[in-house]
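Participant: A single structure is presented below for examination.
The values are calculated or read from the model by the stated rules, or taken from the named source; none is laboratory data. The shown structure was predicted, so the numbers you read here are calculated from the model rather than taken from an experiment. Cβ sites come from the backbone with ideal geometry, for glycine too, and all protein chains shown count toward neighbours. Remember, those area values only see protein heavy atoms, side chains included, never the ligands or the DNA or RNA. Shrake-Rupley method; radii C 1.70, N 1.55, O 1.52, S 1.80 Å.
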Amino acid sequence: MTVRPIAKAVKGMPTSDGAGVRLTRLLGTPEAQNFDPFLMLDHFDSAEASDYIAGFPDHPHRGFETVTYMLEGKMRHRDNTGREGLIETGGIQWMRAGRGIIHSELPEQTEGRMRGFQLWVNLPSRLKMSEPGYQEFDADKIPVETREGGVTVKVVTGKTARGARGPVEDSAIDPIYFDVTAPAGAVFEEPLSADHAAMIAIYEGEVKVEGRTVAALGAAFLGFGDTVRIEATRDARFLLLAGKPIREPVVQYGPFVMNTREEIIQAVNDFQAGRF
Ligand code: MN
């Protein structure tokens with residue numbers, strides 16, 4: 001057994017996006033540009049409506065997937081095909097933008113706390129121009145595994161060594177998306193395929209990995225090994241995210257993520273010409 005060490009740790013970067021939503025960017029910053037197969041990770045958390053109320057009005061995506069996980073609050077999405085839905089507390093939306101989608105993501109609340117994550121997952125070239133699609137699950141469809149020491153694991157996608165399996169299916173990167181709660185002193189340990197890239201995003205408390213400490217709000221990108229071992233040094237909550245690296249060139253222009261500059265120019269042209 002080889003426990004994965006921390007290869008790199010970063011603090012979240014406060015920023016804003018959409019029409020002025022305050023958030024903390026954990027991946028997709030100058031310090032941590034991307035982590036194949038992941039492109040970006042944002043955490044939003046505020047009880048002040050002015051921090052989130054403007055939401056994310058109509059905007060396009062092409063070439064990757066957006067994953068919205070609501071810890072608290074309600075977000076409504078609508079796209080240019082007429083599809084719409086509500087992501088509520090504990091729910092997940094795994095959206096494949098593929099060849100292109102234009103959508104809005106707007107809070108369905110004017111007060112109270114809104115808290116959650118948006119992760120961007122890259123697609124391999126063979127799927128970048130695929131049909132858009134959604135996988136959406138409410139909180140009651142996401143298994144919660146209870147472990148010794150008061151550790152709980154919400155399994156959004158992937159399978160734990162103890163058998164819990166998340167509802168989201170994604171063949172492209174074989175993803176792991178676990179939301180772990182661990183009281184101070186507890187240890188979360190999980191075997192994880194050595195060919196997966198793995199990271200953790202700490203959003204409450206503090207953890208220690210192979211002697212190195214990371215506190216909220218921070219991210220740690222893990223090095224080589226076949227096991228993840230995370231000790232909560234304070235009451236902690238964190239995401240464990242893992243997937244098979246795609247190992248292709250990444251050319252990103254805002255919400256378009258392709259393999260070449262020519263494909264980006266095509267994406268901009270297609271969007272401007274109304275071909276999404
Ligand atoms: Mn979006």
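Participant: What does DSSP give for region 136-184 in terms of the percent of beta bridges that are antiparallel, rounded to the nearest 5? Show your work: numbers first, answer last.
Facilitator: Working: 9 of 10 bridges.
Taking every DSSP beta bridge with both residues in region 136-184, the antiparallel ones total about 90 percent.
Participant: Just the Cα atoms of region 3-65, one point each, no solvent: what log10 I(q)/I(0) does Debye give at q = 0.13, 0.22, 0.24 Å⁻¹?
Facilitator: The computed values of log10 I(q)/I(0) come out as -0.44, -1.01, -1.10.
Participant: Let me ask something else about it. Which order do TRP120, TRP94 take by accessible area at a 1.4 Å probe, largest first?
Facilitator: Numbers: TRP120 25, TRP94 5 Å².
Greatest to least solvent exposure: TRP120, TRP94.
Participant: Under 18 Å between alpha carbons, and skipping anything fewer than 8 positions from LYS74 in its own chain: which lysines qualify?
Facilitator: Counting by Cα, and skipping residues close in sequence, LYS74 has these lysines nearby: LYS141.
Participant: Taking 30 Å as R0, compute the FRET efficiency from the Cβ-Cβ separation of SER193 and GLU31 and round it to 0.05.
Facilitator: Working from the Cβ atoms, E equals 0.65.
Participant: Modelling each spin label as a point 7 Å along the Cα-to-Cβ direction, I'd like the ASN80/ALA54 distance in nm, to one decimal.
Facilitator: Distance between the two pseudo-spin positions: 2.3 nm.
Participant: Show me the trypsin sites (Lys or Arg not before Pro) within region 139-247 that DSSP assigns to loop and that have at most 13 other Cβ atoms within 10 Å of their Cβ. Write out the running numbers ahead of the final one.
Facilitator: Details: sites: LYS141, ARG147, LYS154, LYS159, ARG162, ARG165, LYS208, ARG212, ARG229, ARG234, ARG237, ARG247; in loops: ARG147, ARG162, ARG234, ARG247.
Sites meeting the loop and neighbour criteria: ARG162, ARG247.
Participant: So how tilted is helix 261-272 from the main axis of the chain? Cα-based, degrees 0 to 90, rounded to 10.
Facilitator: 60 degrees
Participant: Further question on the same structure: What is the Cα centroid distance between region 203-218 and region 58-79, reported in whole angstrom?
Facilitator: Each part's Cα centre sits 27 Å from the other's.
Participant: In the chain, carbon and sulfur make up what percent of the accessible area (probe 1.4 Å)? Write out the running numbers ahead of the final one.
Facilitator: Values: 5540 of 11790 Å².
In the chain, the share of accessible area belonging to carbon and sulfur is 47 percent.
Participant: A further question follows. If each residue of separation counts as 0.36 nm, what is the full-extension length gain between THR233 and GLU88 once their alpha-carbon separation is subtracted?
Facilitator: On the way: separation 145, 0.36 × 145 = 52.20 nm, distance 3.03 nm.
Result: 49.2 nm gained on full extension.
Participant: If you roll a 1.4 Å probe over the heavy atoms of the protein chains, what accessible area per residue do you get for region 6-272, in Å²?
Facilitator: Numbers: 11200 Å² over 267 residues.
Roughly 42 Å² per residue, with all protein chains present.
Participant: Any chance you could run the full-extension gain for THR146 through LYS244? It's 0.36 nm times the residue separation minus the Cα-Cα distance, nm to one decimal.
Facilitator: Result: 32.6 nm gained on full extension.
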